Amino acid sequence: MSHNRASQHLSDPYSVIRRPILTEKSHDMASAGGEEDPSKKRYTFEVHVKANKQQIKKAVEAAFGVEVDAINTMIVKPRQKASRGGAKKPGYTRIKKKAVIRLTKG
């Protein structure tokens, strides 16, 4: 996908944000701080691999109506899947990009 085509495709906020990541660690980060300090809460999403931080920020603000303070992104490399049937080539999971988003106090 070329850069121009990627920027056109990623203008829709729901094509940038794929899904929330619901793990034990992400739940702990989302509930950290409690009511006294909401700025410590962090939410984790799987996002489009070619999306940059500015596109992710615009998408989250448009989709949820909140203000984003900071974004950390990471590429999750493919892992080898178990294959059945002897001499077959092993399969791999797809490449993913995760975004950890911290919101402002407001």
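The values are calculated or read from the model by the stated rules, or taken from the named source; none is laboratory data. In this text, all values refer to a predicted model and were calculated from it rather than measured experimentally. Glycine gets a Cβ as well: all are built from the backbone with ideal geometry, and neighbour counts include every protein chain shown. Just so you know, the surface numbers come from the protein's heavy atoms only, side chains and all, with ligands and any DNA or RNA stripped out. Shrake-Rupley method; radii C 1.70, N 1.55, O 1.52, S 1.80 Å.
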### Count of region 77-92 residues which are part of a loop (DSSP other than H, G, I, E, B) and modelled with pLDDT under 90
11
### Query
Can you pull out the residues in region 62-78 that are without any contact (Cβ under 8 Å) to a residue 40 or more places away in the chain and either open to solvent by less than 70 Å² (accessible area, probe 1.4 Å) or more than 16 Å from GLU46 (Cα to Cα) (or both)?
GLY65, VAL66, GLU67, VAL68, ASP69, ALA70, ILE71, THR73, VAL76, PRO78
